[in-house]
Amino acid sequence: MEQLETTLILFEIEHDDCWSKLTSDHSVTIRTVFAKPKRNEYILGIDEIKVAKSKDFKDFLRAFKKDKSVLGITNVSEVDKKRGIYRITFKEKFDHMLMSALNNYTVFYFKDLIRKGKERLIVVTPSDEVGSLKEELESLGKITLFRSSYISLDSLIPTFFDLSEQELHSLTEAISRGYYNFPRRINLDELGNILELSKPTIEEYIRKAEKKIMMKYYNEICQLDLLAKNID
């Protein structure tokens, strides 16, 4: 069986024909939560916006609504006002947009960060599509960073079957009963009594589950770090 070879691409683009240019003048950091092209007519998007002050968000939103690449906003919500996190659901034009370009390729993994007038993305795609994707990106704007390396899809996609039945049950009970609350609403002795397990046994199940989850999430953290860090 021929194995599919996949490549991780890290690139940064200055895309003038897009609302992302507004982040040059506004103190915001934005990431895409969801983006779906609709019949080559528009792109439906949900973006998360991080700001230091609520005024920064209001100023950006005002400019965002007026941008020619934005067709309309359908929802604005506060995710965490104290931490300055908001979400917007909107429609943007289809032509000459980054998401419409990516829609032409096989994208297994996608993460982005938009700030200071630049869109930085991590994309995983079949290796034989990298060249044509780069050419299409160059037609959209100025590429200020482009790096690629081979990667295994298994390192990015966690398996649903990682946790044993005992680990899964112990962890879900721990979460639902407040073991991870601060302060904790239940300790291991109490949790063990409920599940009819000894403290060492319940502790072992939870720690094994935590390790598996963190090891899988570690790769995700590495990708997020690549998006956020300064690269010369």
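Can you spot the lysines whose alpha carbon is less than 24 Å from Lys216's alpha carbon? Ignore those fewer than 8 places along the same chain.
Hits, sequence-local ones excluded: Lys111, Lys208, Lys229.
For Tyr150, Tyr179, write out the residues from largest to smallest accessible area, computed with a 1.4 angstrom probe and no ligands counted.
From most exposed to least exposed: Tyr150, Tyr179.
Nearest 20 debye, what's the magnitude of the dipole of the chain about its Cα centre given +1 on Lys and Arg Cβ and -1 on Asp and Glu Cβ?
In debye, rounded to 20, the chain gives about 1300.
With a cut-off of 8 Å between alpha carbons and a minimum separation of six or more residues, what is the relative contact order of the chain in percent?
Relative contact order for the chain comes out at 25 percent.
With +1 assigned to the C-beta of every Lys and Arg and -1 to the C-beta of every Asp and Glu, and no other charges, what is the dipole magnitude of segment 9-66 about the Cα centre in debye, to the nearest 20?
I would put it at about 400 debye.
For Phe108, what accessible area in Å² do you get when you roll a 1.4 Å probe over the heavy atoms of the protein chains, rounding to the nearest 10?
80
Here are several values of mean projected area of the Cα convex hull in nm²: (1) 16.3; (2) 13.6; (3) 14.8. Which one was derived from the coordinates shown?
Given (1) 16.3; (2) 13.6; (3) 14.8, the structure-derived one carries the label (1).
Could you sort Leu98, Leu44, Leu140 by accessible area so the largest value comes first, with the probe set to 1.4 Å?
From most exposed to least exposed: Leu44, Leu140, Leu98.
In debye to the nearest 20, how big a dipole does segment 45-164 give about its Cα centre with +1 on each Lys and Arg Cβ and -1 on each Asp and Glu Cβ?
Computed charge dipole of segment 45-164: roughly 1040 debye.
Once the dipole of the chain is set up with Lys and Arg at +1 and Asp and Glu at -1 on Cβ about the Cα centre, which of Thr159, Leu71, Thr6 lies farthest towards its positive end?
So the residue we want is Leu71.
With each pseudo-label sitting 7 Å past Cα toward Cβ, what's the Asp128-Ile221 distance in nm, one decimal?
3.7
Assuming R0 = 22 Å, what is the FRET efficiency of Asp56 and Lys91, from their Cβ-Cβ distance, to the nearest 0.05?
0.40
Quick one: accessible area per residue over the chain, 1.4 Å probe, rounded to a whole number of Å²?
In whole numbers, the chain has 62 Å² accessible per residue.
By how many degrees, between 0 and 90 and to the nearest 10, does the Cα long axis of helix 130-140 differ from the longest principal axis of the chain?
Helix 130-140 sits at roughly 50 degrees to that axis.
Between Ile114, Leu191, Ile88, whose Cα lies farthest towards the positive end of the dipole of the chain when Lys and Arg beta carbons carry +1 and Asp and Glu beta carbons carry -1, centred on the Cα centre?
Farthest along the dipole direction, towards plus: Ile88.
To test your reading of the geometry: what angle, between 0 and 90 degrees and rounded to tens, separates the Cα axis of helix 54-66 from the longest principal axis of the chain?
That works out to roughly 40 degrees.
Round to the nearest 10 and report in Å² the accessible area of Val70, as given by a 1.4 Å probe over the protein chains' heavy atoms.
20
Of the accessible area of segment 1-103, with the probe set at 1.4 angstrom, what percent is carbon plus sulfur?
C and S fraction of accessible area: 45 percent.
Given the whole protein assembly as supplied and a 1.4 Å probe, what does the accessible area of His15 come to in Å², nearest 10?
0
Once the Cα atoms of helix 165-176 and of the chain are each reduced to a long axis, what angle between those two axes, in degrees from 0 to 90 to the nearest 10, is obtained?
Compared with the principal axis, the helix lies near 80 degrees.
The values are calculated or read from the model by the stated rules, or taken from the named source; none is laboratory data. Everything numeric in this text was worked out from a predicted model, so none of it was measured. Please note: Cβ atoms are built from the backbone with ideal geometry, for glycine as well, and neighbour counts cover all protein chains shown. The protein model used for the area step is the full one, side chains on, heavy atoms only, and it has no ligands, DNA or RNA in it. Shrake-Rupley method; radii C 1.70, N 1.55, O 1.52, S 1.80 Å.
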